[in-house]
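The values are calculated or read from the model by the stated rules, or taken from the named source; none is laboratory data. For clarity, every value in this text was computed on a predicted model and none was experimentally measured. Every residue, glycine as well, gets a Cβ built from its backbone with ideal geometry; the counts of neighbours run over all protein chains shown.
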Amino acid sequence: MPKRSKVDTLPAEVKGWLDKSLVVGNFAGYEILAAELKSRGYAVGKSSVHRYGSNLERKLAAIKASTEAARVIAEAAPDDAGQLSGAVMGMIQTEVFNVLVNLQELEESENGDDEKSKMARAKLLSQLAKNIATLSRASVAQKKHEIEIRAKTQAAADAVTKLARKGGLSAGAVDNIRREILGIAN
């Protein structure tokens, strides 16, 4: 198992200060931050601060991207047919895939021959498999719901079309009503 990062051993308030300094400083100035940590009595090198900062920056970027994507999806697609749920599930599936790739890279980069390391990876894989199964069931249920909504909408559009024609509406008016029901943009 890899050695624990010196940054991870810092007290919570110092680590909080470092996180804030990294964000405010746009993830630059690692030498200055390492020097400040040293002046506070913590022997953390520039390389350790840089590794920690890079990891934090990557995590924050992923959170920002996911949040922005969810916002855009929510604004662009009303959740009439579970489209938002489908998009969220897609985002989660992408993240699960990324975790699996990272786990594979970790396995390749570590010696990983000790029993404790193998057990930790096996436990993580077991948890991922369980979560993937749950996600897959939710995805199937969401798709089934979406199909049901489409079928009901189509049936309603067909029924209104028949009624409108019987009522003497023009073909154009009937087509407009049908488009509105089905949500087809002009």
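Odds and ends about this structure:
- So A151, is it out of contact with any helix residue (DSSP H, G or I) (no Cβ under 7 Å at 6 or more places or on another chain), exposed (fewer than 11 other Cβ atoms within 10 Å of the Cβ) and modelled with pLDDT under 80: no
- The residue list A62, A74, A69, A87 contains one member that is in a helix (DSSP H, G or I), loosely packed, with under 14 Cβ neighbours inside 10 Å, among the aliphatic types (A, V, I, L, M) and at pLDDT below 85, which is A62.
- Filtering the range 7-23 to residues that are in a helix (DSSP H, G or I) and either surrounded by 13 or more Cβ atoms within 10 Å (Cβ to Cβ) or in contact with a helix residue (DSSP H, G or I) (Cβ under 6 Å, 6 or more places away or on another chain) (or both) leaves V7, V14, K15, W17, L18, D19, S21, L22, V23.
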